[in-house]
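Participant: Take this structure, written in structure tokens, and hold onto it; I'll ask about it next.
The values are calculated or read from the model by the stated rules, or taken from the named source; none is laboratory data. These figures come from a predicted structure and were not determined experimentally. When we count neighbours, we look across all protein chains shown, and the Cβ atoms used for this are built from the backbone with ideal geometry, even at glycine.
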Amino acid sequence: MRLELKLALIGAISKIVIFLILFTIVQQMIDSLALRHTEKDLIKMKDKTMLTVRKIGIKSYLDAEQDSAFASYNILKDEYISIKLDSKVIPEQMTFTQEARIIEGEEFDYRILIYTFEIDHQLYTLEIGKNIQLIYSLDKTLKSISVSIILIVLLITILFDLGIFKYLLHPLNRTIIPKLKTVVNPETFNYSEIDSTTSDFVYLNTTINELMHKVNDILKTQRKFIGDVSHELFTPISVMQSKLDNVLVSEKLSSETERFIMDQQKQLMRLQHIIKALLLISRIGNDQYAKNDTVSLRELTDEIISDIEERALMSNITLENRIAEEITLLNVNRYLIYILLFNLVSNAIKYNKDGGYVKISHASDETNFFIIVEDNGIGIEAENLNLIFNRFKRIDTNKEEGQGLGLSIASSIVAFHDAKIEVLSAPGESSQFKICFPLKNIK
Ligand code: ADP
């Protein structure tokens, strides 16, 4: 997940927690406010009632209700007042309660003020009730308004945070990450500085640049070492080989010695192959080849096929070239592209089955051009797909001669041309090597 999104998410979660706390507090405040407001109303009503009772006398209330009780309520039963004779109460007591009352056979919940008083040596209880539903209907409106306001504020702050994080992380997203994504070779790495006021990003960028410089230096030293060692070994091995050649032609040797010398020659030849391959990899890495050839892909692949045809024929393998005539590779090194495709076709024959096929074809999408070499041979197990490009890595060592350097050379050539190589395989059925060139290399 992107950092800016993560930060916004964490911000949103913390705000939601704050919102929930705020929501609970506001709810409780509204509840107690509504209750206090109602109680104040009830007290006012009680005062008014008592004033009237004292003015016009209690009898005028009770007469209508069999002399001992009086009750009145409004049409919706939102409020009610009752006065009744009650000899057991202590006068001048006022309490609040929340209880249900049955009015005309219907039960309602009321907030009730209970007041006791004495008139004409008689004790009475006055009850004034307000329907709870009525109290909380206002309460509900207030709550929904407060929730809406909090939600709107929450949304605005989340959006604001997203914008701020995007702006703050701009140097990371626009410069540092693209730099790292496109790194193929420390030599061609983008070592530019970044324009940012955030010191952490400047530090990160500088550290990455320094690290890439170090990696580049190490790789250069390593390539130089391999190149020097290979070069130094090449001459004595060639001398040994020609000396063995001379021994073979000039001396009268027993057949056993002859076989021994030929075995040694075979080993020397193997060594020479390895050294040549290492020299080639080191030269490619040191940019010792030009990239200014214009190559007809069809001609090149035809040439490879004619050079390797005999080997394919021996294994009863069909070679098929599906490259269109008009495709031209621009700004490449012909010699290296030849080696690259030759190695892939050679492997496709080497790791094939009797009667199999090898197909060379091409494809393209909006940004890339692909050269595809596929076969219906032994295939490669999924766990080995990433390993086969490593130097000296051989999976099927029972197969004929090989040093495990063919694909390593191929990947060096691909990197040298800013291209990519990928492999797909169904073990036991097929393999497909796909070289992906940027469209700028194709006409
Ligand atoms: P080598 O062929 O000398 O062993 P490579 O570097 O050319 O070395 O190949 C490395 C390994 O990748 C081979 O040992 C082989 O196991 C595997 N491989 C390469 N190409 C194919 C292919 N077309 N089909 C199956 N396996 C392959």
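Participant: Which condition number in (1) under 40 Å from the mean Cα position of the chain (by Cα); (2) surrounded by fewer than 18 Cβ atoms within 10 Å (Cβ to Cβ); (3) not polar (S, T, N, Q) is the one that residue 345 fails?
Facilitator: (2)
Participant: Here is a follow-up. Of the conditions (1) among the polar types (S, T, N, Q); (2) touching a helix residue (DSSP H, G or I) at 6+ places or on another chain (Cβ under 7 Å); (3) loosely packed, with under 12 Cβ neighbours inside 10 Å, residue 14 satisfies every one except a single condition; which number is it?
Facilitator: (2)
Rundown of residues vs (1) over 19 Å from residue 337 (Cα atoms); (2) surrounded by 16 or more Cβ atoms within 10 Å (Cβ to Cβ); (3) within 12 Å of the ligand (Cβ to nearest atom); (4) charged (D, E, K, R), yes/no style:
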residue	(1), (2), (3), (4)
363	no, no, no, no
370	no, yes, no, no
387	yes, no, yes, no
406	no, yes, yes, no
409	no, yes, yes, no
422	no, no, no, yes
439	no, no, no, no
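Participant: Now for a separate question. For the stretch 60-98, give me the residue count where each residue is more than 60 Å from the chain's Cα centre (by Cα), farther than 14 Å from residue 126 by Cα and loosely packed, with under 14 Cβ neighbours inside 10 Å.
Facilitator: 8
Participant: Sticking with this structure for a sec: Only one residue in 250, 306 is outside the structural domain of residue 188 (by TED's automatic domain parsing), without any contact (Cβ under 8 Å) to a residue 40 or more places away in the chain and either farther than 30 Å from residue 412 by Cβ or of a type in the set (Gly, Ala, Ser) (or both). Which one?
Facilitator: Going through 250, 306 in turn, just one is outside the structural domain of residue 188 (by TED's automatic domain parsing), without any contact (Cβ under 8 Å) to a residue 40 or more places away in the chain and either farther than 30 Å from residue 412 by Cβ or of a type in the set (Gly, Ala, Ser) (or both): 306.
Participant: Could we say that residue 199 is outside the structural domain of residue 412 (by TED's automatic domain parsing), under 27 Å from residue 420 (Cα atoms) and surrounded by fewer than 14 Cβ atoms within 10 Å (Cβ to Cβ) here?
Facilitator: For residue 199, the condition - outside the structural domain of residue 412 (by TED's automatic domain parsing), under 27 Å from residue 420 (Cα atoms) and surrounded by fewer than 14 Cβ atoms within 10 Å (Cβ to Cβ) - is not met.
Participant: Quick one: in the stretch 372-383, of everything that is of a type outside the set (Gly, Ala, Ser) and surrounded by fewer than 16 Cβ atoms within 10 Å (Cβ to Cβ), which residue is nearest to the ligand (Cβ to nearest atom)?
Facilitator: Only one residue fits best here, namely 381.
Participant: Within 11 Å of the ligand (Cβ to nearest atom), assigned by TED's automatic domain parsing to the domain that holds residue 315 and under 36 Å from the mean Cα position of the chain (by Cα), is that true of residue 340?
Facilitator: The answer is no for residue 340.
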